[in-house]
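Since the structure comes first, as structure tokens, the remarks are kept for the end.
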Amino acid sequence: MTRISARIIDSGPLSPKESEVLRYMCEGLYTTEIAVRLFRSPRTIGKHVENIAAKLNARGSSEIVLIARELGLVEIALNHSAINPALRIILLLIMCSNLMPQHGMRRPKTPRAPVVRLVRLQHRN
């Protein structure tokens, strides 16, 4: 089984709790999963993620992980046991592509359906 593991090397501008949240983010956990592990609410973890993003000048969780890795705050490694070398390369490519920030970081606009209004006409005799 392959698993991503992360280790905080330097906290930098982050608080100890933010560093812990960053470590779990680097391991690929969602906000709710981090909340369960740290016995906090998902909203609290979301606030920690916002604070981390502000301190690292990042726009999203993928960019947070990428910047933290570039700054040397975290070390990310793949733990694997007897895995095929070709599969290992594919997993590394997938992991790296997930770390790249998305273009625009916004959802495309959904087209609105046209509004149809029914009008009742009064019939005069």
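Any read-out appearing in this document is the output of simple, stated calculations on the displayed coordinates, not a laboratory observation. From a predicted model like this one, the values you see are computed outputs, not experimental measurements. Neighbour counts run over all protein chains shown; Cβ positions are idealised from the backbone, glycine included.
For the stretch 32-73, name all the residues that are within 13 Å of the chain's Cα centre (by Cα) and β-branched (V, I, T).
Selection gives T32, I34, I45, V49, I52, I64, V65, I67.
Output the number of residues of the stretch 1-27 satisfying the condition of being in contact with a strand residue (DSSP E or B) (Cβ under 7 Å, 6 or more places away or on another chain) and in contact (Cβ under 8 Å) with a residue 60 or more places away in the chain.
Number satisfying all stated conditions: 8.
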